[in-house]
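A.B. asks: Let me give you the structure first, and then I'll get to my questions.
The values are calculated or read from the model by the stated rules, or taken from the named source; none is laboratory data. Bear in mind the structure is a predicted one, so any value in this text is a computation, not a measurement. No Cβ is skipped: glycine too gets one built from the backbone with ideal geometry, and neighbour counts run over all protein chains shown. For the accessible areas, the whole protein counts, side chains as well, though only heavy atoms, and no ligand, DNA or RNA atoms are used. Shrake-Rupley method; radii C 1.70, N 1.55, O 1.52, S 1.80 Å.
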There are 2 protein chains.
Amino acid sequence: MTTRTPLSRLDIEGVVFDDEFRNSTINLLTAHESIRRYRPDPVPEAALTAILTAARSAPTSSNLQAYSIVVVTDAGRRERLAEFAGGQRYVADTPVFLVFCADIARLQKVSRRQDREFAARTLEMFLLASLDAGLAMQNAIVAAESLGLGTCCIGSLRNDPAGVAAELGLPQGVFAVSGLCLGYEQPDSRRGVKPRLPAAATVHREQYDDSDLERNLQDYDRTMTARGTYEGRRVETGDVERSEEYGWCEHTARRTSRPQTLLARSASLRADLVEQVEELGFTIR
Amino acid sequence: MTTRTPLSRLDIEGVVFDDEFRNSTINLLTAHESIRRYRPDPVPEAALTAILTAARSAPTSSNLQAYSIVVVTDAGRRERLAEFAGGQRYVADTPVFLVFCADIARLQKVSRRQDREFAARTLEMFLLASLDAGLAMQNAIVAAESLGLGTCCIGSLRNDPAGVAAELGLPQGVFAVSGLCLGYEQPDSRRGVKPRLPAAATVHREQYDDSDLERNLQDYDRTMTARGTYEGRRVETGDVERSEEYGWCEHTARRTSRPQTLLARSASLRADLVEQVEELGFTIR
């Protein structure tokens, strides 16, 4: 018998199968939960090395390694980054804050070094570099959790790409895709694995098929409402409150609609990201 | 003593630290290697469930779950996808081919369902959805490798986004970011963990600093040349062959320069990806 992590998604979804397909890594991956309350204890240097080596071991498209990681521990810098990220306190409280960047600056330098003209100023290269950063970040998350550390992705660094770039001294061609809080969690910081849409809604066989979407949405709304996920966390719209049920569907529809009526912090649809990343040296259009 | 995976990146880089920071998951992550030769044996359904549940457990921005996964096992479909992906045989040979998609179609349906206007037609939403797909894929890779399966990311699906969308029946608002081969490897399909740029080149402390880049590039070129990485794999440019050393720098500079002179297969810089993803229902500009 494998020792089972109590909070695995396999358990909450009632998935049962042979223990041979359930190992400590599967248990770890399916027990993931973001942590937003950190103890001040530092992260041991050996743990950081293991985590960064795992990040550097992720696949990277054509081995281009079009990413960089900035390790931030300085308290003042974490405070300033927390402000750029919409004032999320845990960015300031986490002992280590990792910033995963799309990086084409290095590739451009390599082209110049080899006396060749860099021609990859494209959306493709922006996407490839961002994905390289994302895959490295996900490996860092898994490695960290295997060592008993908690993590939380901070996509809201994209609220102010230029501010973040200035704070981290990023040259042209480097864009902070996401931050990652990293530290030991406070007691009682877990709510349990967050339910996801039923597998049938996100996983398709052979071809895309969402013919059961309505039923899956109803199931998921019930699950998330019963869990109290949105209590005290509603997205305010400024509309007269309708009496409708407030579940994932309504929360999500509010987050992806009419930015002008939403609260600044939860609202940013970052409509001007094209201009911002082009100012940072990427070409999108 | 933890049992050590012989090929871990920690070993090839000579990193030594306390065994308390080296567990089976760290060993697994740092021993990653892409597999390009697969046995025809099917992937057990329980393994696939574990892998997909791990993928669905990855972080997703604001819990939007802006991705879909298409599980392809049909041999004819794998053959056709292999063609879209530039004729890579292992896409056809792998028993299971997973396609990780950025998906805003579901979010748009949810907005309509809630009688709200979807306003997230932005580069930010394209990036967020692509990252969601990427994080899910990385978890699938880790889960698969923990179960003794091999994987290989297939970014070249982006060579023909419309063709892939038609083959998989993707609706408007869904874009195949990357494929993933999944299966048991043939004997002798491993070359050992691929060396990466020295950590000092991709990992920065407090602020971005590439003042040692030239030394790091020289080190890496020596490592990759000594390993024979590019033997028989040079990117042809049509130029008169210069006598320069051919290492990562030259290989990378060729891949990211002057697309018109490069071989079709290794060359695609996908300069028209903006138009292609906009035809698929995303808004970039």
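A.B. asks: For segment B:1-70, what is the per residue volume of the convex hull drawn over the alpha-carbon atoms, in cubic angstrom?
C.D. replies: 177 Å³
A.B. asks: Run the dipole for chain A about the Cα centre, Lys and Arg Cβ at +1, Asp and Glu Cβ at -1, nothing else charged, and hand back the magnitude in debye, nearest 20.
C.D. replies: Details: 35 positive and 40 negative charges, 127 e Å.
It comes to approximately 600 debye.
A.B. asks: Run the 1.4 Å probe and let me know the accessible area of A:Asp18, rounded to the nearest 10 Å².
C.D. replies: 90 Å²
A.B. asks: Please give the direction-averaged projected area of the C-alpha convex hull for segment A:13-119, in square nanometres with one decimal.
C.D. replies: For the Cα atoms of segment A:13-119, the hull's average projected area reads 11.4 nm².
A.B. asks: ³J(HN,Hα) across segment A:77-93 via Karplus (A = 6.51, B = -1.76, C = 1.60, θ = phi - 60°), whole Hz, x for Gly/Pro?
C.D. replies: Result, rounded to whole Hz: 5, 5, 4, 5, 5, 4, 5, 4, 8, x, x, 6, 4, 5, 5, 7, 7.
A.B. asks: Hey, how many Å between the Cα centroid of segment A:59-83 and the Cα centroid of segment A:103-157?
C.D. replies: 9 Å
A.B. asks: What Kirkwood radius, in Å to one decimal, follows from the Cα pairs of segment B:72-176?
C.D. replies: Evaluated over segment B:72-176, this radius sits at 15.0 Å.
A.B. asks: While we're looking at this one, here's another question. Please compute, over every Cα-Cα pair in the protein assembly as shown, the percentage with a separation greater than 30 angstrom.
C.D. replies: 48 percent
A.B. asks: Determine the principal axes of the Cα atoms in chain A, then give the extent along each, sorted from largest to smallest and rounded to whole angstroms.
C.D. replies: Its Cα atoms span 59, 53, 46 Å along the three principal axes.
A.B. asks: Taking a point 7 Å out from Cα toward Cβ as the label site, list the nm distances between B:Arg205 and the same residue in every other copy, smallest first.
C.D. replies: Reported distances to equivalent positions: 5.4 nm.
A.B. asks: Go through segment B:34-51 residue by residue and turn each phi into a ³J(HN,Hα) via Karplus (6.51, -1.76, 1.60, θ = phi - 60°); whole Hz please, and just put x for glycine and proline.
C.D. replies: 6, 10, 10, 10, 10, 7, x, 3, x, 8, x, 4, 5, 5, 4, 4, 4, 5
A.B. asks: Could you give the distance between the Cα centres of segment B:168-200 and segment A:6-32, to the whole Å?
C.D. replies: 23 Å
A.B. asks: Which whole-number percent gives the relative contact order of segment A:1-126, counting Cα pairs below 8 Å spaced six or more residues apart? Provide the component values of the computation, followed by the final result.
C.D. replies: Working: 99 pairs, mean separation 28.4, N = 126.
Result for segment A:1-126 is 23 percent.
A.B. asks: Within segment B:86-123, name every residue whose backbone N is under 13 Å away from a label modeled 7 Å from Cα of A:Asp209 along the Cβ vector.
C.D. replies: none
A.B. asks: Which distances, in nm and shortest first, link the B:Thr225 label point to the same label point in every other copy, taking 7 Å along Cα→Cβ?
C.D. replies: Ordered by distance, the counterparts are at 6.7 nm.
A.B. asks: Next question. Whole number in Å², please: accessible area per residue of segment A:13-67, 1.4 Å probe, ligands, DNA and RNA not counted.
C.D. replies: 34 Å²
A.B. asks: Quick query: amide H of A:Glu206 versus all other amide H atoms, modeled in the peptide plane; which residues come in under 5 Å with a sequence gap of 5 or more or a different chain?
C.D. replies: Under 5 Å from the amide H of A:Glu206 lie the amide H atoms of B:Val71, B:Val72, B:Thr73, each far enough along the sequence or on another chain.
A.B. asks: Scaled to the compact-protein estimate 2.2 N^0.38 Å, what is the alpha-carbon radius of gyration of segment B:90-140, rounded to two decimal places? Present the calculation step by step, with values, prior to reporting the outcome.
C.D. replies: Working: Rg = 14.5 Å, N = 51, 2.2 N^0.38 = 9.8 Å.
The reported ratio for this selection is 1.48.
A.B. asks: Also: To the nearest 10 Å², what's A:Tyr184's accessible area with a 1.4 Å probe?
C.D. replies: Number for this one is 50 Å².
A.B. asks: On to the next question. Quick one: which residues, 5+ away or cross-chain, put their amide H under 5 Å from the amide H of B:Ile154? H built at 1.01 Å from N.
C.D. replies: Residues meeting the criterion, in which the H sits 1.01 Å from N, are B:Gly179, B:Leu180, B:Cys181.
A.B. asks: If I build a Gaussian network model for chain A, linking alpha-carbon pairs within less than 10 angstrom, which residue out of A:Glu124, A:Glu33, A:Glu83 has the largest mean-square fluctuation?
C.D. replies: Among A:Glu124, A:Glu33, A:Glu83, the largest GNM mean-square fluctuation belongs to A:Glu124.
A.B. asks: Can you pull the three principal axis extents for the Cα set of segment B:38-87, in Å, largest first?
C.D. replies: Extents along the principal axes, in whole Å: 37, 26, 15.
A.B. asks: Between B:Gly173 and residues 5 or more places away or on another chain, which pairs have amide H atoms under 5 Å apart, with H built 1.01 Å from N, and which residues are they?
C.D. replies: B:Gly281, B:Phe282
A.B. asks: Can I ask one more? Using a 1.4 Å probe and ignoring any ligands, DNA or RNA, find the accessible area of A:His204 and quote it in Å² to the nearest 10.
C.D. replies: 0 Å²
A.B. asks: Got a sec to turn the phi values of segment B:62-74 into Karplus ³J(HN,Hα) couplings, 6.51 cos²θ - 1.76 cosθ + 1.60 with θ = phi - 60°, whole Hz, x for Gly and Pro?
C.D. replies: Going residue by residue, I get 6, 6, 6, 6, 8, 8, 9, 10, 10, 9, 10, 10, 4 Hz, with x marking Gly and Pro.
A.B. asks: So, one more: Jot down the per residue volume, in cubic angstrom and as a whole number, of the convex hull over the alpha-carbon atoms of segment A:128-233.
C.D. replies: Dividing the Cα hull volume of segment A:128-233 by its residue count gives 183 Å³.
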